[in-house]
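One structure is given here, and the rest of the page talks about it.
The values are calculated or read from the model by the stated rules, or taken from the named source; none is laboratory data. Values in this document were obtained by computation on a predicted structure and should not be read as measured data. A quick note on method: Cβ atoms are made from the backbone with ideal geometry, for glycine too, and the neighbour counts reach across all protein chains shown. Accessible surface areas use protein heavy atoms only, side chains included; no ligands, DNA or RNA. Shrake-Rupley method; radii C 1.70, N 1.55, O 1.52, S 1.80 Å.
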Amino acid sequence: MLEELRIQNLGVIADATLPLDPGLTCITGETGAGKTMVVAGLGLLFGGRASRAPLGADRALVEGRLSVGEAALELRERAIEAGADLEDGELLLARSVSSEGRSKAWVGGRSAPVGVLSELGELAISVHGQSDQMRLLQPAEQRAALDRFAGADHGKLLDAYRAVFAELGSCATELARLRGSAREMAREADMLRLGLEEISAVDPQDGEDAELAEEARRLENSEALRLAAATAHGAITGDPSTGDGGAADTVGTAARALEHDAHSDPKLAEFAERLAEAGALLAEAAVDLSAYLDDLAADPRRLEEIYQRQAALKTLYRKYAEDLPGVLAWAENAQKRLGELDVSDERVSELEARHADLTARAAELASQLRASRRAVAERFSASVSTELKGLAMPHAEVVAAVEPRPAGRGGVDLVVDDVPSGATEEGTDEVELLLRPHPGSAPAALHKGASGGELSRVMLAIEVVFAEIGGPPVLVFDEVDAGVGGGAAIEIGRCLAKLARRHQVLVVTHLPQVAAFANRHLVVSKDTSGAVTVSGVRVVDDAARARELARMLAGMPDSHLGVAHAEELLAEAAKMKS
């Protein structure tokens with residue numbers, strides 16, 4: 001329950017404190033006095049957009065004191081989660097807004113994001129104004145109202161349908177993408193396959209290019225290499241035809257000369273050993289050179305093969321990469337991309353089967369949703385119509401019509417109960433509230449068949465019905481009685497008083513018949529001093545209240561007849577409430 005509201009520098013209200021009754025509090029005042037600033041202040045306090053609130057100074061401040069009992073468990077838990085201190089079950093909220101648009105919020109004495117105020121507001125308060133009546137004329141709002149009335153089981157069914165519908169949309173998008181881009185994807189896949197076939201035909205091996213280059217150099221310089229190797233070989237082994245010894249013979253002779261006297265001097269023995277090792281190395285080199293010469297035979301055919309192989313590799317370099325590692329990497333990536341470009345008939349068939357299954361599931365859930373809505377529509381219509389009887393519309397009836405949405409008017413079409421219907425994430429139904437003013441008349445849409453006063457009463461009846469199934473404990477009505485007068489106004493006041501038995505109700509009204517039912521009556525009055533107009537709020541009781549009602553009745557607060565009429569109205573309202 002909202003026990004107190006304080007508003008500073010908001011519109012024409014400089015500083016006002018509103019003590020609120022647990023039951024019905026009515027707020028009245030002359031036009032332009034600032035009654036709507038009370039609703040604007042509540043909006044700010046519970047996280048509304050600051051840009052919509054006119055400031056009366058550089059900084060506006062709204063504070064609220066809520067009584068958070070055990071019944072408001074979810075509200076208590078959210079406030080404690082935000083770090084609020086609850087003293088004696090009371091929660092203090094505050095919101096300041098500067099002229100530059102900067103906004104600050106406090107919850108339980110601690111700074112908090114404005115979003116926390118919004119979350120608390122959803123749990124604590126519901127504000128209804130003339131704009132809500134306009135929204136109620138929209139089919140989407142009427143469907144949402146019916147779904148809200150339906151309860152938790154219906155909500156679970158709606159969530160299940162939404163999940164399947166979203167999955168169906170994703171599947172349809174993927175299938176359309178595959179079908180729409182199949183030609184382009186197939187062209188890309190063909191190019192990749194041709195490239196892979198060409199690379200596979202050449203069959204390049206890692207490191208092959210370097211090996212081919214080295215072998216080609218040897219073959220291209222085979223004669224020069226042969227001459228160098230033969231000369232080196234002859235220098236080591238000598239020339240048998242002339243009997244000239246080579247380096248191996250010379251080293252051998254030197255080693256033997258030292259070995260003869262090595263026993264006389266250890267150093268000579270060391271030299272002899274080193275020369276023997278050199279001789280062995282020369283002999284080994286001679287053998288290797290001989291083998292090299294045998295392998296170095298000129299092979300023009302092999303050189304031509306190498307040239308052809310190198311030319312094949314260069315062809316791949318021109319098309320796919322600048323070197324052999326790049327070509328091999330291209331082939332690997334192309335193989336992966338082919339997997340991504342799977343546009344085979346099997347993939348399309350798989351998606352088509354999945355799409356058909358999801359379509360059938362969505363249609364079945366949509367059918368259950370339609371049946372649920374139609375069952376709920378009967379209860380909703382009966383409940384609202386019953387409330388209208390107590391609002392001076394005894395013969396009126398509200399009918400909630402649930403009909404299939406025409407095919408072609410949704411995101412997709414589903415066949416629900418053998419009827420092609422346009423489907424959206426909210427189902428395949430169109431919900432429309434119709435008003436039958438009296439028996440025998442044809443029901444008409446609210447925006448066509450309801451006057452302003454009738455629409456106000458239908459809106460109030462709907463809110464009463466919603467209040468009976470739960471919702472926030474604080475209800476705020478901002479001049480929802482527009483276009484109503486006379487006996488109907490009295491019935492609206494009685495209805496609000498009845499609603500206030502289960503909820504805290506705040507009403508901004510211009511009707512004395514409604515204000516007469518208030519448990520607490522607040523008057524917003526303005527004072528003009530020079531060019532500045534400011535407003536204050538005061539509680540009126542007894543004679544002051546009768547004078548305010550007389551002002552509202554005839555604009556004559558000092559008229560004895562008007563005051564007497566107001567006192568009679570107050571007495572009658574008191575009887576009706578008892």
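Some points to look at:
- When Leu123, Leu158 are checked against the criterion of being more than 20 Å from Val384 (Cβ to Cβ) and in contact with a Pro (Cβ under 7 Å, 6 or more places away or on another chain), Leu123 stands alone in meeting it.
- Of the criteria (1) open to solvent by less than 50 Å² (accessible area, probe 1.4 Å); (2) over 25 Å from the mean Cα position of the chain (by Cα); (3) of a type in the set (Gly, Ala, Ser), which one Ser111 fails: (1)
- Of all residues in segment 93-107 being outside any loop (DSSP other than H, G, I, E, B) and open to solvent by 70 Å² or more (accessible area, probe 1.4 Å), the one that is nearest to Glu119 (Cα to Cα): Trp106
- Beta carbons closer than 6 Å, at least 6 apart along the sequence or on distinct chains, pair a first residue in segment 77-106 that is of a type in the set (Val, Ile, Thr) with a second that is assigned to a strand (DSSP E or B) and modelled with pLDDT of 85 or more for Val97/Ala60; Val97/Ser103.
- Checking segment 120-131 against the condition returns a match, with at least one residue being free of Cβ contacts under 8 Å to residues at least 40 places away in the same chain and within 30 Å of Val68 (Cβ to Cβ).
- Just one of the listed residues (Ala201, Ala262, Ala257) is at pLDDT below 70, of a type in the set (A, V, I, L, M) and more than 18 Å from Asp288 (Cα to Cα), namely Ala262.
- Residues (assigned to a strand (DSSP E or B) and without any contact (Cβ under 8 Å) to a residue 40 or more places away in the chain) located in segment 402-423: Glu403, Pro404, Pro406, Asp413, Val419, Pro420, Gly422
- Residue match in segment 147-155 (condition: over 30 Å from Ala356 (Cα atoms), touching a Gly at 6+ places or on another chain (Cβ under 9 Å) and in a helix (DSSP H, G or I)): yes
- Of the strands (runs of 3 or more DSSP E) that lie entirely inside segment 463-578, those containing 2 or more residues that are surrounded by fewer than 24 Cβ atoms within 10 Å (Cβ to Cβ) and free of Cβ contacts under 8 Å to residues at least 60 places away in the same chain span 520-529, 532-540.
- Pick from segment 65-92, criterion open to solvent by 40 Å² or more (accessible area, probe 1.4 Å) and of a type in the set (A, V, I, L, M), ranking: modelled with the lowest pLDDT: Ala71
- Failed condition for Thr36, given (1) β-branched (Val, Ile, Thr); (2) at pLDDT 85 or above; (3) farther than 13 Å from Asn9 by Cα: (2)
- For Gln138, the test of being out of contact with any Ser or Thr (no Cβ under 8 Å at 6 or more places or on another chain) and open to solvent by 70 Å² or more (accessible area, probe 1.4 Å) is passed.
- Condition met for His438 (part of a helix (DSSP H, G or I) and either more than 30 Å from Arg502 (Cβ to Cβ) or in contact with a Ser or Thr (Cβ under 6 Å, 6 or more places away or on another chain) (or both)): no
- Ser111 part of a strand (DSSP E or B), closer than 21 Å to Glu463 by Cβ and of a type outside the set (A, V, I, L, M): no
- First in segment 272-293 and over 11 Å from Ile236 (Cβ atoms), second anywhere and among the small types (Gly, Ala, Ser) and part of a helix (DSSP H, G or I), Cβ under 6 Å, 6 or more apart: Ala272/Ala255; Ala272/Ala262; Leu275/Ala254; Leu275/Ala255; Ala276/Ala255; Tyr292/Ala229; Leu293/Ala229
- Segment 1-28: number of residues that are open to solvent by 10 Å² or more (accessible area, probe 1.4 Å), farther than 19 Å from Val474 by Cβ and either in contact with a helix residue (DSSP H, G or I) (Cβ under 6 Å, 6 or more places away or on another chain) or among the hydroxyl-bearing types (Ser, Thr, Tyr) (or both): 1
- Leu268 in a helix (DSSP H, G or I), open to solvent by less than 70 Å² (accessible area, probe 1.4 Å) and modelled with pLDDT under 80: yes
A quick yes/no check of all residues on (1) among the hydrophobic types (A, V, I, L, M, F, W, C); (2) within 30 Å of Glu432 (Cβ to Cβ); (3) surrounded by 12 or more Cβ atoms within 10 Å (Cβ to Cβ):
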{"residue": "Ala163", "(1), (2), (3)": "yes, yes, yes"}
{"residue": "Glu167", "(1), (2), (3)": "no, yes, yes"}
{"residue": "Glu174", "(1), (2), (3)": "no, no, yes"}
{"residue": "Leu178", "(1), (2), (3)": "yes, no, yes"}
{"residue": "Ala186", "(1), (2), (3)": "yes, no, yes"}
{"residue": "Asp190", "(1), (2), (3)": "no, no, no"}
{"residue": "Ser200", "(1), (2), (3)": "no, no, no"}
{"residue": "Asp206", "(1), (2), (3)": "no, no, no"}
{"residue": "Glu214", "(1), (2), (3)": "no, no, no"}
